[in-house]
Amino acid sequence: MQQLLSVQDLEVSFANRRVLRQVSFSLAPGETLGIVGESGSGKSVTALAIMGLLSWPGRVTGGQILWHDDDLLSLPPDAHRRLRGSAMAMIFQEPMTCLNPVYTVGQQIAEVLMLHRGMNKREAAEAAAAYLAQVGIAEPKARLRNFPHELSGGMRQRVMIAMALAGEPELLIADEPTTALDVTVQAQILDLLQRLQAETGMAMILITHDLGLVAENAARGIVMYAGEVVETGGVDELFVSPAHPYTQGLLRSLPRWGEQRDVLYSIPGTVPRNLETIPGCAFADRCPVATEACQEPQIMRQVGPAQTARCWAAKAKQPILEGGAAECQPPTK
């Protein structure tokens, strides 16, 4: 199958500090890919690089980003800009900081429709109301006149989704789309994204630190740590038989239904901030089974038909953490 998006050995630096290295993954049309990892692992930077939205001094310093086999990094800025908002769109973590506070939500959605779909002002206003209705906002024509601060967090997130859908994108990147929302609204937003994806056939990248969201909403996932992809595979493989000690640590930290613990497990230490000072595995300082072999550069190893891991110990597909991989079960849906 021809890939919609293919990221190959992507590297990103801010000034002289490298924050991504050798990030590779692909996405098929209509597929949902989950990207998971702690804060600082490089998830959002990867998305911004794909969208061409890295702010100075951030820049892509290596690799390729192929869109229908065309390298986005070699496109002129105007050509990349035309794709952004039409062929590909992004929902950001906090809509209040992304929506313009001095324009109504109707004006901001209409701008997308006029810029990317050639509508006049009247047509765009009518279409904007239809998109607000599509994302579940009551009295959409009245809401067009509201400013962002007049809406709740859940409604602002729905406005962001409506803006993203207005360009009829082939790819939607949802970067922590439910972070600032309560549990009930989170479920509504995720149900909405699933429904819209089924209706439009768009592909989606779901970026999150919540493993449960990946389990319930994606068919395939990648795990990132310190600017690297450390494991890839189908969600069943990642949750039932994780091969990298970092993935296993994330799963061990999840609370489980019916299990009582005085203290939840947490991975000791923090994500390193400077990849240039790490010659080998970036997770070695936090890994309970690290050896001298971890000081050497690690490669992605094939540990299953569709599963790879960046760890020397993963080649045997053996339990790495105490208790074994069999204890790592997906969260109850």
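Of the residues THR291, THR277, the single one that is modelled with pLDDT under 85, among the β-branched types (Val, Ile, Thr) and surrounded by fewer than 17 Cβ atoms within 10 Å (Cβ to Cβ) is THR277. Residues that are more than 30 Å from PHE239 (Cβ to Cβ) and touching a strand residue (DSSP E or B) at 6+ places or on another chain (Cβ under 7 Å) within region 5-53 comprise SER13, PHE14, ARG18, GLY52, listed in sequence order. Cβ-Cβ distances below 6 Å connect the following pairs, each with a first residue in region 101-118 that is touching a residue at least 24 places away in the same chain (Cβ under 8 Å), a second residue that is surrounded by fewer than 19 Cβ atoms within 10 Å (Cβ to Cβ) and hydroxyl-bearing (Ser, Thr, Tyr), and a separation of six or more residues or different chains: HIS116/SER86.
For region 237-283, a residue qualifies if it is touching a residue at least 12 places away in the same chain (Cβ under 8 Å) and charged (D, E, K, R), and the qualifying residues are GLU237, ARG252, ARG256, ARG273, GLU276. The residue pairs whose first member lies in region 195-220 and is in the same structural domain as LEU238 (by TED's automatic domain parsing), whose second member is part of a helix (DSSP H, G or I) and basic (Lys, Arg), and whose beta carbons are closer than 6 Å, counting only pairs six or more residues apart or on different chains, are ILE207/LYS43. Every test in (1) among the acidic types (Asp, Glu); (2) closer than 20 Å to GLY52 by Cβ; (3) touching a residue at least 24 places away in the same chain (Cβ under 8 Å) is passed by ASP78 save one, and that test is (3).
So that you can scan it fast, the table gives a plain yes or no per residue for (1) modelled with pLDDT of 85 or more; (2) more than 25 Å from PRO177 (Cα to Cα); (3) buried (at least 19 other Cβ atoms within 10 Å of the Cβ); (4) of a type in the set (D, E, K, R):
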residue: TRP56; (1), (2), (3), (4): yes, no, no, no
residue: ASN100; (1), (2), (3), (4): yes, no, no, no
residue: VAL105; (1), (2), (3), (4): yes, no, yes, no
residue: GLU126; (1), (2), (3), (4): yes, yes, no, yes
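In region 179-246, counting only helices (runs of 4 or more DSSP H) that sit wholly within it, the ones holding 3 or more residues that are surrounded by fewer than 17 Cβ atoms within 10 Å (Cβ to Cβ) span 183-200. Applying the criterion of being of a type in the set (A, V, I, L, M, F, W, C) and either over 17 Å from GLU231 (Cα atoms) or in contact with a helix residue (DSSP H, G or I) (Cβ under 8 Å, 6 or more places away or on another chain) (or both) to the residues of region 12-35, the residue that is modelled with the lowest pLDDT is ALA15.
For region 2-11, does any single residue satisfy the condition of being under 24 Å from ALA218 (Cα atoms), at pLDDT below 90, surrounded by fewer than 20 Cβ atoms within 10 Å (Cβ to Cβ) and among the acidic types (Asp, Glu)? Checking region 2-11: not a single residue is under 24 Å from ALA218 (Cα atoms), at pLDDT below 90, surrounded by fewer than 20 Cβ atoms within 10 Å (Cβ to Cβ) and among the acidic types (Asp, Glu). Residues that are in contact (Cβ under 8 Å) with a residue 24 or more places away in the chain and part of a strand (DSSP E or B) do not occur anywhere in region 143-150. Scanning region 279-305 for residues that are farther than 27 Å from ARG220 by Cβ and hydrophobic (A, V, I, L, M, F, W, C) yields ALA290, ALA293.
The values are calculated or read from the model by the stated rules, or taken from the named source; none is laboratory data. The shown structure was predicted, so the numbers you read here are calculated from the model rather than taken from an experiment. Ideal geometry is used to build each Cβ from the backbone, glycine not excepted, and the neighbour counts take in all protein chains shown.
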